[in-house]
Amino acid sequence: VKRAWRNESPLCLAVIDLDRFKSINDNFGHKAGDKLLRYTASIALKRIRTTDLFARYGGEEFVALFPDTRLDAAYEVCEELRRQIAASSFHFKGSPVPVSVSIGIAELGDQETLSKLFERADRALYRAKHGGRNRTELDR
């Protein structure tokens with residue numbers, strides 16, 4: 001964030017949440033949930049640039065930081081990631097498990113703090129969840 005302020009360069013943050021993760025844990029067990037978390041991360045790490053940051057935030061949430069990236073470009077990356085996850089064929093013990101993610105994205109404003117940026121991306125995520133899941137929403 002400080003580098004983005006100093007260089008006056010764009011920075012986007014995405015909050016990514018596995019849809020209906022609790023029901024996957026309940027129906028298939030926690031081992032399936034753990035495997036799904038690793039599977040989702042492996043797809044994301046193949047999609048994002050090495051200069052981006054992707055990390056598990058907690059539970060079934062991940063965050064991605066996209067330095068030197070405007071909101072529309074971050075949206076394209078996240079939409080592609082969302083589509084890849086939804087089209088993937090995740091199986092556990094021979095059974096197919098439907099998987100999707102909801103994503104909220106925000107671009108850092110002038111002198112905005114990381115916590116405020118996260119708040120805005122999280123709000124966009126909740127709009128994606130309430131809009132039917134398996135969606136990407138922007139906070140402009």
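The values are calculated or read from the model by the stated rules, or taken from the named source; none is laboratory data. Computed from a predicted model, the values in this text were never measured in an experiment. All Cβ positions, glycine included, derive from the backbone under ideal geometry; neighbour counts span all protein chains shown. When the accessible area is computed, the model is the full protein with side chains, heavy atoms only, and any ligands, DNA or RNA have been set aside. Shrake-Rupley method; radii C 1.70, N 1.55, O 1.52, S 1.80 Å.
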- Message: Need the full-extension length gain, Lys31 to His91, defined as separation in residues times 0.36 nm minus the C-alpha distance. One decimal, nm.
- Response: 20.4 nm
- Let me have the 222 nm mean residue ellipticity of the chain computed from DSSP H runs of 4+ only, each contributing -39500 (n - 2.57), with the sum over all residues rounded to the nearest 500. -15000 deg cm²/dmol
- Lysine pairs in the chain 8 or more apart or on different chains: how many have alpha carbons under 19 angstrom apart? 8
- Item | Accessible area (Å², per residue) of the stretch 22-137, counting only protein heavy atoms and a probe of 1.4 Å | 55 Å²
- Item | Max mean-square fluctuation residue, GNM over the chain, Cα-Cα springs under 10 Å, options Leu53, Leu11, Leu81 | Leu53
- Query: Phe66: net charge of surrounding residues, Cβ under 12 Å, Lys/Arg +1, Asp/Glu -1, itself excluded?
  - Reply: -2
- Kirkwood-type radius of the stretch 38-99, with distances r between different C-alpha atoms, in Å: 12.7 Å
- Note on the structure: Stokes-Einstein, Kirkwood over Cα pairs, the chain, 25 °C, 0.890 mPa s; D in µm²/s equals 161 µm²/s
- With +1 on the Cβ of every Lys and Arg and -1 on the Cβ of every Asp and Glu, the dipole magnitude of the chain about its Cα centre, in debye rounded to the nearest 20, is 460 debye
